[in-house]
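Below: the structure, in structure tokens.
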Amino acid sequence: MLSRLPEALDYDAAARTLALADPRWNSQPALYAALRLSREPYLPAQLAVTSAELTAAHIRGGRQAWVLRGLLDAVIAAPQINFPEALLALAKTLAGQA
């Protein structure tokens, strides 16, 4: 779910607004704050590779967006792989599946 949130979203404000209609949202700002403080990657900008590096690896266009999402999902599941060599290798594998 977090990999699909826009980077500029004010998550705390959104969660407070949603909590007015559904109290299950009350715990979400604290959860999001804990995630931010953990320093574990959860945004595309936190990946150890950039779109320019993917372009240099001949991964472009819609395939690049699909690969970036796959890389982010992989890094969320296993933050220890967030370094350029591992992500570029995984990107090439994912690009072959797109």
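For this structure, a couple of remarks:
- For the chain, convex hull volume per residue from C-alpha positions, Å³: 109
- Selection from L35, A78, S51 lying farthest towards where the dipole of the chain points positive, charges on Cβ: S51
- Rounded percent of accessible protein surface that carbon and sulfur make up, the chain, 1.4 Å probe: 59
- With protein chains left intact and a 1.4 Å probe, residues in the chain average 64 Å² of accessible area per residue.
- The packing ranking of peptides 33-39, 65-71, highest mean first, is 65-71, 33-39, where packing means the average number of other beta carbon atoms within 10 angstrom of each residue.
The values are calculated or read from the model by the stated rules, or taken from the named source; none is laboratory data. In this text, all values refer to a predicted model and were calculated from it rather than measured experimentally. Cβ atoms come from the backbone with ideal geometry, glycine included; neighbour counts cover every protein chain shown. Note: areas computed on protein heavy atoms with side chains; ligands, DNA, RNA excluded. Shrake-Rupley method; radii C 1.70, N 1.55, O 1.52, S 1.80 Å.
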